[in-house]
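A short reminder: the numbers here are calculations on the coordinates, not readings from a lab. Source: prediction; values computed, not measured. We place every Cβ from the backbone using ideal geometry, glycine too, and count neighbours over all the protein chains shown.
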Amino acid sequence: MVGQSAIGRSFTPVTARVEPGRLRYFLNTLGERNPVYRDELGARAEGYSATPVPPTYLFCLEMINAERPFEFLTELKIDLARVLHGEQSFTYHAPVVVGDTLTFKSRVTDVADKKGGAMTMVVVQTEVTNQHGAHVADTARTVVVRN
Amino acid sequence: MSETANSHPAVGERIVHKTFPPITRHTLALYCGASGDHNPMHVDIDFAKAAGFPDVFSHGMLVMAYLGQALTDAIAPGRIRSFSTRFAAITQLGARLTCEGHVTELIEDKGEKQARLALTTKDENGEVKLAGAAIIAL
């Protein structure tokens, strides 16, 4: 069972370039036809420097590019078969567009037992910066571990 | 984007609404690759059964991606300040999802006029799968 001692634990930073082909695969999978994600000239007309990424794509960029996508689970000795995604949040500070190179830095910010210890909620917060050092987003995921 | 929400929405107004085709095993396989989330729970029925589930089920983040798509059909991506959700229930294969967003509050942050939205994703039986929120710049 994950204990309070996990709070503050940080993980290997992930560097991710926003590649157009990978992004197109995501858009096609979702049936996303919105031209803002596909038409670079249109995106520029809207004030972006290139086509922007969809609002949940930051989560994918981190997993696609991580050497060990489930590092936080293995490091905390959590069995992948016993986790569910409980909550997810994104706070956006600046646009992320095709061609950017992002750095994701994650750490555990909370661990709480629920239902008399039948479940443990683990919160991992991630700070996202771009190639210019700009802080572009903060994300937080809560995983529910079935003990 | 041509279809952005009215810049003076009213509290209670529904400004996000989109329905999606049923989630298939093919969708889950594609999303596994596209998202980098290779958790076998969503594509390998043997793994799901061994973990105590009757079948594979959707990635929560696939469902959130659909909700995000519904959101940015109405609101340009650059106007979204935050987007969050709770995964209220597992989304099963075959689910036909409807995503909606209503204005709950008009607010101001550092001089920027914003709206807070309550977001939901429900399946064809009306069961809430995602209960979320967003803050958008007006």
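Could you please report the charge total around B:His26, scoring K, R as +1 and D, E as -1 over all other residues with beta-carbon less than 15 angstrom from its beta-carbon?
So the environment of B:His26 carries a net charge of -1.
Angle, helix B:60-74 long axis vs. longest principal axis of chain B, Cα atoms, 0 to 90°, nearest 10?
Taking Cα atoms only, the helix is inclined about 30 degrees.
About the Cα centre of the protein assembly as shown, what is the dipole size in debye to 20, counting +1 per Lys and Arg Cβ and -1 per Asp and Glu Cβ, all else neutral?
Dipole about the Cα centre, nearest 20: 260 debye.
Mind giving me the FRET efficiency for A:Arg24 and B:Asp55? R0 is 35 Å, r the Cβ-Cβ distance, nearest 0.05 is fine.
FRET efficiency, A:Arg24 to B:Asp55: 0.75.
Starting from 0.36 nm per residue, how many nanometres of slack lie between A:Met1 and A:Phe70 once their C-alpha separation is accounted for?
23.1 nm
Please work out the C-alpha center-to-center distance from the range A:1-44 to the range B:29-70 and express it in whole Å.
Each part's Cα centre sits 16 Å from the other's.
Place a point 7 Å from the Cα of A:Thr15 along the Cα-to-Cβ direction; which residues of the range A:32-74 have their backbone N under 20 Å from it?
Of the residues in the range A:32-74, A:58-71 have backbone N under 20 Å from the label point off A:Thr15.
Find the centroid of the Cα atoms in the range B:77-96 and in the range B:100-119, then give the distance between the two in whole Å.
Spelled out, the Cα-based centre of one part sits 18 Å from the other.
Springs between alpha-carbon pairs under 10 angstrom, Gaussian network model over chain B: which of B:Ala89, B:Ala76, B:Ala51 fluctuates most?
B:Ala51
³J(HN,Hα) across the range B:119-131 via Karplus (A = 6.51, B = -1.76, C = 1.60, θ = phi - 60°), whole Hz, x for Gly/Pro?
So the Karplus estimates, Gly and Pro as x, are 10, 9, 10, 10, 8, 5, 9, x, 6, 6, 9, 10, 10 Hz.
Per residue of chain B, what 222 nm ellipticity follows from adding -39500 (n - 2.57) for every DSSP H run with n ≥ 4, rounded to the nearest 500?
-7000 deg cm²/dmol
What nm distance separates the two modelled labels at B:Asp109 and A:Ala94, each placed 7 Å from Cα along Cα→Cβ?
1.7 nm
Assuming a viscosity of 1.002 mPa s and a temperature of 20 °C, what translational diffusion coefficient in µm² per second does Stokes-Einstein assign to the range B:14-137, Rh being the Kirkwood radius over Cα pairs? Each step should come with its number before you reach the end.
Working: Rh = 15.3 Å.
Rounded, D is 140 µm²/s.
Report ³J(HN,Hα) in whole Hz for each residue of the range A:5-15, in order, from the Karplus equation J = 6.51 cos²θ - 1.76 cosθ + 1.60 where θ = phi - 60°; Gly and Pro get x.
Those phi angles translate into 5, 6, 4, x, 4, 10, 10, 4, x, 10, 10 Hz.
Do the sum for chain A: with -39,500 (n - 2.57) for every DSSP H run of n ≥ 4, divided by all residues, what is the mean residue ellipticity at 222 nm, to the nearest 500 deg cm²/dmol?
The helix-only estimate for chain A comes to -5500 deg cm²/dmol at 222 nm.
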